[in-house]
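Shown next, in structure tokens, is the structure this report addresses.
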Amino acid sequence: MWVLLAIVSALCLGFYDVMKKLSLDGNNVLGVLFLNTLFGALLMSQGNYGMGGSLQGHAYILLKSLIVLSSWLLGYASIKHLPLTIAGPVNASRPVLVLVGALVIFGEHLNGWQWAGVALGLWSLFFISRVGGKEGFSLRSSRWVWMAIGATSLGAVSALYDKFLMTRFEPLEVQAWYSLYQMVIMGVTVGIMLRLQHGRTRLKWRWSIPLISVFLTVADLAYFYSLSLDGSMIAVVSMIRRGSVIVSFFYGFIALHETNIRLKLIDLTILMVGLGCLVVGSL
């Protein structure tokens, strides 16, 4: 059952990326992100989550909100301008960066399989940047690739911070409160930017915008419930979730007719083999 839930989570994450791409095409990034945080907060407000009035607890969650929101800002900006067949593999390398962070921050020791996974993951990032160079999206010339890497890195920081938070709070409690804080922060940010950015791209309503929040919320709920079941393995669940890149990758190929697919498939294969090594090394 927990494997099935992890697959559901992965599929939802894949469609989450597709909905972001559809919503952001020719649209205002800050406006779409604000609506995403608004709908996410509304979806998570259906529960009753308290933190015992702890100011320190709310400070921890506020920091989580700032990290995630920063990652989303970079991620939304990059996915608007990058092909999905480039943005997807970059984002899917997050477990590699999480493992590197665990090595540096928590002093964890890697075994041979994990080192192989890290090496292949880093190689895939280099490889996709070279492929992106053929389309004008190289590391040297494209800020959007760097934004995608920045978003993935901050996502890894968030995952490492979750390890700290999950020892103190319930998962849904964290998700509900950081969704609320994100909505407030984005509301203030959008209000300020609207005054400063006259003549910028106007926000256009699309039905894919609320679907961003729906797919993300379902993906997270399936993920948390999967981990709550007896016998579930975090390494396997995380690997399955990164399989979401397959959905966005083939959408970019089939629906958006993106180019250099053969080379990008090679990169995707390298990345998936690397993630497989991480799973084997973590069992």
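Taken together, the values in this text are just the output of simple stated rules run on the coordinates, not laboratory data. Owing to the predicted nature of the structure, the values given are computational and were not obtained by experimental measurement. Glycine also receives a Cβ, built like all others from the backbone with ideal geometry; neighbour counts cover every protein chain displayed.
At 7 Å along the Cα-to-beta-carbon direction for both Arg262 and Arg140, put a label point, then send me their distance in nm to one decimal.
Between Arg262 and Arg140, the simple spin-label model gives 2.5 nm.
How high is the relative contact order of the chain, in percent, counting Cα pairs under 8 Å that sit 6 or more residues apart?
This gives 44 percent for the chain.
How large is the charge dipole for the chain, taken about the Cα centre, if only the Cβ atoms of Lys, Arg (+1) and Asp, Glu (-1) carry charge, to the nearest 20 debye?
The dipole magnitude comes to about 920 debye.
Place the peptides 165-171, 131-137, 19-25 in order of packing, highest mean first, counting for every residue the other Cβ atoms within 10 Å and averaging per peptide.
19-25, 131-137, 165-171
Within the chain, which whole H helices from DSSP have a Cα span along their axis of at least 18 Å and a mean Kyte-Doolittle hydropathy of -0.5 or more, if any?
Those that pass (Cα extent of 18 Å or more, hydropathy at least -0.5) are 2-24, 29-44, 55-81, 112-133, 143-165, 171-196, 208-228, 261-282.
Gaussian network model of the chain, Cα springs within a sub-10 Å range: biggest mean-square fluctuation belongs to which of Leu69, Leu84, Leu43?
For the chain, modelled as a Gaussian network with Cα springs under 10 Å, the answer is Leu43.
Among Leu154, Ala176, Ser138, pick out the residue whose Cα is farthest towards the positive end of the charge dipole of region 133-191, where Lys and Arg carry +1 and Asp and Glu carry -1 on C-beta, about the Cα centre.
Value computed over the given set: Ser138.
Can you tell me the relative contact order of region 130-274? Whole percent, Cα pairs under 8 Å, sequence separation 6 or more.
The value is 17 percent.
Taking +1 at the Cβ of each Lys and Arg and -1 at the Cβ of each Asp and Glu, which of Leu4, Thr269, Leu43 sits farthest along the dipole of the chain towards its positive end, judged by Cα position relative to the Cα centre?
Thr269
Can you tell me which aspartates and glutamates have their Cα less than 19 Å from the Cα of Lys134? Leave out same-chain residues fewer than eight positions away.
Once the sequence-local aspartates and glutamates are set aside, what remains near Lys134 is Glu258, Asp267.
Which order do the peptides 249-257, 236-244 come out in when sorted by mean C-beta neighbours inside 10 angstrom, highest first?
236-244, 249-257
Among the aspartates and glutamates, select those whose C-alpha is under 13 Å from the C-alpha of Lys264, and discard any that sit fewer than 8 residues away in the same chain.
Within the straight-line cut-off, Lys264 pairs with Glu135.
Can you give the relative contact order of region 1-130 as a percent, counting alpha carbon pairs under 8 Å and 6+ residues apart?
27 percent
According to the square roots a ≥ b ≥ c of the eigenvalues of the Cα gyration tensor, what is the shape class of region 109-208, taking rounded for a/c under 1.5, prolate for a/b larger than b/c otherwise, and oblate for the remainder?
Taking the square roots of the gyration eigenvalues as a ≥ b ≥ c, region 109-208 is oblate.
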